Amino acid sequence: MEKGERRFLKLTILSISLMISAASAIAVTLPMIKNQFPEIDPATVESLVTIPSFTMMVFILLSTFIIKRIGKKNTVILGLSLALIGGVIPIFVTNFTIIYLSRFILGAGTGIYNSLAISLIGEYYVEEEQQKMLGYQTAFSTLGSSFVTFLAGILVNISWNYAYIVYFFTLPIIVMVLLFLPQDRQSDRPAHREESSRPSKQRVNGMVIYCCLMMFVFFALIMTIYTKTSTLIVEQNYANQGFLGTGLTIASLLGALTGFVYGKIRHFLKEFTPVVALVFVSLAYFLIPYAKNMIVLTVILVFTFLVVGLFVPYMYDILLPGAPENSANLAVSLAMVACNLGSFFSPYILRGLGMLVGNEQTTASYTIGGIIYLFMAVIFVLFNMNTKRKTVLAD
């Protein structure tokens, strides 16, 4: 493959992640939709943001079987096409039922190609190059989501329908995949990841289960920032409370920068990358209840998102080579479902933990989260020690 082709292939694989998290971009349209459809229950209107997450989880699991039937490139094209159709339908219709169903289509399409945003990196890149690409993937996902959310916020001032124009950005990604992503070929895969030409049963192992559990807990706790911070600043009577949304956006965008340097940090910290990330996130959680003003809180949030950008790519970094042979797609699919389930059940988990320790105050959610993150860091240290011991014994 020529140097120019490799560059376009890399950009194409990364571009697949740009619209993965775009489902919530149209949250800004909800008040206008409620006004236009007063007969519709407000909770149903609000579910326009969350419905895609449900169908996404279902089709992330089904994507493994779709890939077997039509191949990886065709699966990406199918998923992106459905996401495009489901995303732009509300521009052209005023029937709420059709708009509602279109969100199911958007989630289904996104779920179909979601896991391939990661597994294609594992197929075409190894070692340090793979680490760099996983960091870039996290950054592209965050930047894409932030950009379309920002643009939707501008377009909604014309009409709420216009905000859905942002989903047309899926179209150039489809074109790039058609032009630059090769058809599934044996020769495209690294030698140590070669798959048999005969169909093989995909399965999971201890590494897959371990990664899924860690990611489930991580996302269940990280959602505290989104579900509890607004309550915290009201309870503590912060000034300029409306700045929270801007603060979260700034923190998210700056956090994406970590993805671009993840490869270098991973090379330096090696297997201690998640340990360092979890310790610093834990520290941030202990500090948030004592921020007392929006400036300090925003600084802590930026700090938190910077280290979060280390944890997620690291988990995929160990998952891809650690999954059973020919089972990378299934492993990534399960990990993504674990992330979504952790986010979905987060409010209930936080409430249950508060009841368990006899303290359901908002500040307690951060303290409990900080303690669990420290406990996770210890688990990673023990896991790494056990892995090294097995390696020495094997040698």
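The values are calculated or read from the model by the stated rules, or taken from the named source; none is laboratory data. If you're wondering where the values come from, they're calculated on a predicted model, not measured in any experiment. Here the Cβ positions follow ideal geometry from the backbone for every residue, glycine too, while neighbour counts run over all protein chains shown.
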Exercise for the section: Give the residues of the range 328-366 that are among the aromatic types (F, W, Y) and either surrounded by fewer than 19 Cβ atoms within 10 Å (Cβ to Cβ) or free of Cβ contacts under 8 Å to residues at least 40 places away in the same chain (or both), sorted by residue number. Expected result: F344, F345, Y348
Exercise for the section: Can you tell me which residue within the range 48-96, out of those that are polar (S, T, N, Q) and closer than 16 Å to Y164 by Cα, is modelled with the highest pLDDT? Expected result: S81
Problem - Which numbered condition G153 misses (of (1) of a type outside the set (V, I, T); (2) more than 16 Å from the chain's Cα centre (by Cα); (3) within 24 Å of V261 (Cα to Cα)) - result: (3)
Fill in the blank from the handout: Within the range 7-38, the residues that are more than 19 Å from the chain's Cα centre (by Cα) and either of a type in the set (V, I, T) or not assigned by TED's automatic domain parsing to the domain that holds Y124 (or both) are V28, T29, I33
Handout entry: Residues (part of a helix (DSSP H, G or I) and without any contact (Cβ under 8 Å) to a residue 40 or more places away in the chain) located in the range 198-212
Key = G206, I209
Problem - Exclusive hit being assigned to a helix (DSSP H, G or I), under 19 Å from the mean Cα position of the chain (by Cα), surrounded by 14 or more Cβ atoms within 10 Å (Cβ to Cβ) and not assigned by TED's automatic domain parsing to the domain that holds V337, set V76, V88, V45 - result: V76
Exercise for the section: Considering (1) surrounded by fewer than 18 Cβ atoms within 10 Å (Cβ to Cβ); (2) modelled with pLDDT of 90 or more, say which one I154 fails and leave the rest. Expected result: (2)
Practice task
Would you be able to say whether some residue in the range 71-83 is in contact with a Phe, Trp or Tyr (Cβ under 8 Å, 6 or more places away or on another chain), closer than 24 Å to D41 by Cβ and of a type outside the set (G, A, S)?
Solution key: no
Exercise for the section: Please enumerate the residues belonging to the range 16-41 that are modelled with pLDDT of 85 or more, farther than 15 Å from N161 by Cβ and not in a loop (DSSP other than H, G, I, E, B). Expected result: A22, A23
